[in-house]
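Q: Here it is, the structure in full.
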Amino acid sequence: MPYRSQWYTLREPHPLLFGMGIHGQNLFVDRQHDLVIAKVSSQAQSLDAGRMALTMRTVAEVRKALAQV
C-alpha cells in the first residue's frame, strides 16, 4: 500500500486515497465516484488493527453500493 505525505493509496480498479489518525479517525477519498467518507470515533486503543480492517470492509461495501446507483 503506497504511502506519501501522510496519505495511503489503494490502487484498485477504482483508487482510494485515505488518511488514518489515532483512536479511529479516518478520511477516505474516492475521486472517481466523487465520494468522501469521514469517520470520527474515540477508540480506546490508539491503533486497532481489527477495527481498521472492519472500517476498510465497510468503506469497500459503501463504495460498491454507490457505484451500482
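Q: Filter the stretch 1-34 down to the residues that are among the polar types (S, T, N, Q) and on the phi > 0 side of the Ramachandran plot, then identify the one that is surrounded by the most Cβ atoms within 10 Å (Cβ to Cβ).
A: It comes out as Q6.
Q: I'd like to verify a number: residues in the stretch 39-69 that are surrounded by fewer than 12 Cβ atoms within 10 Å (Cβ to Cβ), out of contact with any helix residue (DSSP H, G or I) (no Cβ under 6 Å at 6 or more places or on another chain) and either part of a helix (DSSP H, G or I) or not aliphatic (A, V, I, L, M) (or both), how many?
A: Residues in the stretch 39-69 being surrounded by fewer than 12 Cβ atoms within 10 Å (Cβ to Cβ), out of contact with any helix residue (DSSP H, G or I) (no Cβ under 6 Å at 6 or more places or on another chain) and either part of a helix (DSSP H, G or I) or not aliphatic (A, V, I, L, M) (or both): 10 in total.
Q: So, of the residues in the stretch 18-35 that are modelled with pLDDT under 95 and aliphatic (A, V, I, L, M), which turns out to be nearest to V59 (Cα to Cα)?
A: Filtering first and then ranking leaves L35.
The values are calculated or read from the model by the stated rules, or taken from the named source; none is laboratory data. In this text, all values refer to a predicted model and were calculated from it rather than measured experimentally. For neighbour counting, all protein chains shown are included, and Cβ atoms are generated from backbone atoms with ideal geometry for every residue, glycine included.
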